[in-house]
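A.B. asks: I'd like to ask some things about the structure below.
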Amino acid sequence: MVTISPTRTKRRFFGRIGFQISAVFLLLISLSFYITDIRLTDFVRDYLYQQRIRQDSLSLEKLAVTVAPLFQSVQSDRLDETLVSSAGEMGGRLMVLDTDGKVQFDSYAELMGLRLELPEVVSILTGSRTASYGIHTLGAIPGEDAGSRIAYGAVQIVGTEKPLGVLLYASGVNEMLKSLRDVERQLELVFIIVAAIALLAAVFFSNLITRPVNELSDTIQQMGKGDLSVRAKVKGTGEMRALAENYNMMAEQLESLDKSRNQFVSNASHELKTPLTTMKILLENVLYQPDMPVEMREEFLSDMNHEIDRLTNVVGDLLSLTQMDSRKMTVNMAWFDLSDTVANTLHLLRPQADKRAQELAAKITPGIMMYGDQAKLEQVVYNLTENALKYTFDGGRIVVSLQSKGKQAFLSVQDNGIGIPDQDIAHIFDRFYRVDKARSRETGGTGLGLSIVRQLVTMHGGEISVTSTPGKGSTFTVRLPLGEKGGAPA
């Protein structure tokens, strides 16, 4: 039975980024259509208004020429007949007003003698205009039902000598408004269709874009549960491919680190267990053989002391590496003479070399000043030189050289000992790694010395490398930045 987490289902349904992309895409489409709707509606409204104005103005101007002589000669019957006939043809209401704004003739025969103070009429009577056009809410003229909108067109009636009055035309704009509403409804329908298509497209493309992210998220969840072998699928191009490749690279490093940690724990346990087991056997022999000869007892106790020293060295090295890994190791940076430090360290190791008739030669350029931790770099020199002494035959030769080039110092430790096989060079700095395990245990090595050296060199911004030929010897080279005046390493 497969259980689906509600949170995960919600995340897949809304897609987090996918849902946001879809929402933003739909918002942009809606905003664009809203602006387009407003602009297009205004354009259509202006176009219809201008067309209506041109049409009504042209008809009124022609009619004003016809009405003028009839109004001037007071031919009421013919004037009334003309107004009624023309109003029917134009589909509206026609009125003739005198120079005082009073209605003299009305095609509806309702407003005779009534003064109208419409803006269009006033503008003509005051002489500021000869024609005017406007749209008002119904109710501007007594007797009209309020609430709807109506268009008024006014044209000056000119007699033979002077203006006679105003020809006023009133007509409803319902058809025009209906046309506008039809346009708006069509735009709304188009918007709904386009928005639906846009939403489907946004969901499709957002899922296409976020699918690799969701797959990577699932992979991370599996890794979070302890499966470090899982990898993300690398496909596509661009940033998503780079993200998957970088994640897989990180996953490989984590898996390698986990394996290295497990191996480290296993090796550390073995290294600690071996001297403890040896000490237990020796101690049991001493306890359960009370009549053991004094010479043998002293030998057993000496062996136990040797194992305790070995155990102490392992624990000390482990603590040093742990401090380095956690970046808790204190680094006391100061200017010091690196040349003197190397020389003094070799002086400490010279008795060990003399004991095995080994030649310990020094090629040190004097006066090389460095900004760093003197004690830790002394340990680097000590570990590398001691390591060379251990793996060089009796009567062999070890050469330690120090020189500077520009702002860098180069420390080299060369021996003519047993050398390192090619397959072991890549692992020589791994913790607890030994090329000659039997000899290492005889000499008391912990397998951590070179790992500590590399960590200490790295802490100082340097690098360490090794070249070796089996049976002919090895050369370890350390590059260290000398540092700038003022404190920080170069």
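Every read-out reported here was derived from the displayed coordinates using simple, explicitly stated rules and does not represent laboratory data. It should be emphasised that the depicted structure is a prediction, and the values quoted were computed from it without experimental measurement. Note that we place each Cβ from the backbone using ideal geometry, even for glycine, and neighbour counts take in every protein chain shown.
A.B. asks: Using 1/(1 + (r/R0)^6) with R0 = 45 angstrom and r between the beta carbons of R45 and K162, what's the FRET efficiency to the nearest 0.05? Let's see the in-between values first.
C.D. replies: Numbers: r = 38 Å, r/R0 = 0.85.
For R0 = 45 Å, the calculated efficiency reads 0.75.
A.B. asks: Could you put L456, L116, L187 in order, starting from the residue whose Cβ has the fewest other Cβ atoms within 10 Å?
C.D. replies: L187, L116, L456
A.B. asks: Which of S179, S404 has the fewest other C-beta atoms within 10 Å, and how do the rest follow up to the most? Don't skip to the answer; put the middle values down first.
C.D. replies: Values: S179 14, S404 17.
In increasing order of surrounding Cβ atoms, one gets S179, S404.
A.B. asks: Moving to a separate point now. Could you sort out which of K273/K355; K355/K376; K62/K162; K280/K390 sit more than 24 Å apart by Cα distance in this structure?
C.D. replies: Pairs exceeding the cut-off: K273/K355; K355/K376; K280/K390.
A.B. asks: Just round it to a whole percent: the fraction of Cα-Cα distances in the range 330-481 exceeding 22 Å.
C.D. replies: 36
A.B. asks: Counting only residues 5 or more places away or on other chains, whose amide H sits under 5 Å from the amide H of F105 once H atoms are built in the peptide plane?
C.D. replies: Here the answer is V96, since their amide H atoms fall under 5 Å of that of F105.
A.B. asks: Each residue of the range 284-300 in order: what ³J(HN,Hα) in whole Hz does its phi give by Karplus 6.51 cos²θ - 1.76 cosθ + 1.60, θ = phi - 60°, with x for Gly and Pro?
C.D. replies: Karplus-based 3J(HN,Hα) across the range 284-300 equals 5, 4, 5, 5, 8, 10, x, 9, 4, x, 4, 4, 5, 4, 5, 5, 5 Hz.
A.B. asks: Taking amide H positions as placed in the peptide plane 1.01 Å from N, state which residues far from G417 in sequence (5 or more) or on other chains have amide H under 5 Å from it.
C.D. replies: Excluding prolines and chain starts, which carry no amide H, the hits are G473, S474.
A.B. asks: Apply the Karplus curve 6.51 cos²θ - 1.76 cosθ + 1.60, θ = phi - 60°, to the phi angles in the range 190-206 and return the couplings in whole Hz, x for Gly and Pro.
C.D. replies: Karplus-based 3J(HN,Hα) across the range 190-206 equals 4, 4, 4, 5, 5, 4, 5, 5, 4, 5, 4, 5, 5, 5, 4, 6, 5 Hz.
A.B. asks: Long-range amide H contacts for R149: which residues qualify at under 5 Å (H placed 1.01 Å from N, peptide plane, sequence gap of 5 or more or a different chain)?
C.D. replies: Amide H to amide H, under 5 Å and 5 or more residues apart or across chains, R149 pairs with L138, V173.
A.B. asks: Here's a follow-up. What's the exposure ranking of F204, F105, going from fewest to most Cβ atoms within 10 Å?
C.D. replies: Ordered from fewest to most neighbouring Cβ atoms within 10 Å, F204, F105 come out as F204, F105.
A.B. asks: Can you give the three extents of the C-alpha atoms in the range 51-207 along their principal axes, from longest to shortest, in whole Å?
C.D. replies: Rounded to whole Å, the extents work out to 82, 29, 27 Å.
A.B. asks: Full-extension gain between R78 and V190, please, as 0.36 nm times their residue separation minus the C-alpha to C-alpha distance.
C.D. replies: Gain on stretching R78 to V190: 35.0 nm.
A.B. asks: Name the residue farthest towards the positive end of the dipole of the range 1-226 from the options F105, I135, L199, assuming +1 on Cβ of Lys and Arg, -1 on Cβ of Asp and Glu, about the Cα centre.
C.D. replies: Working it through, the farthest residue towards the positive pole turns out to be L199.
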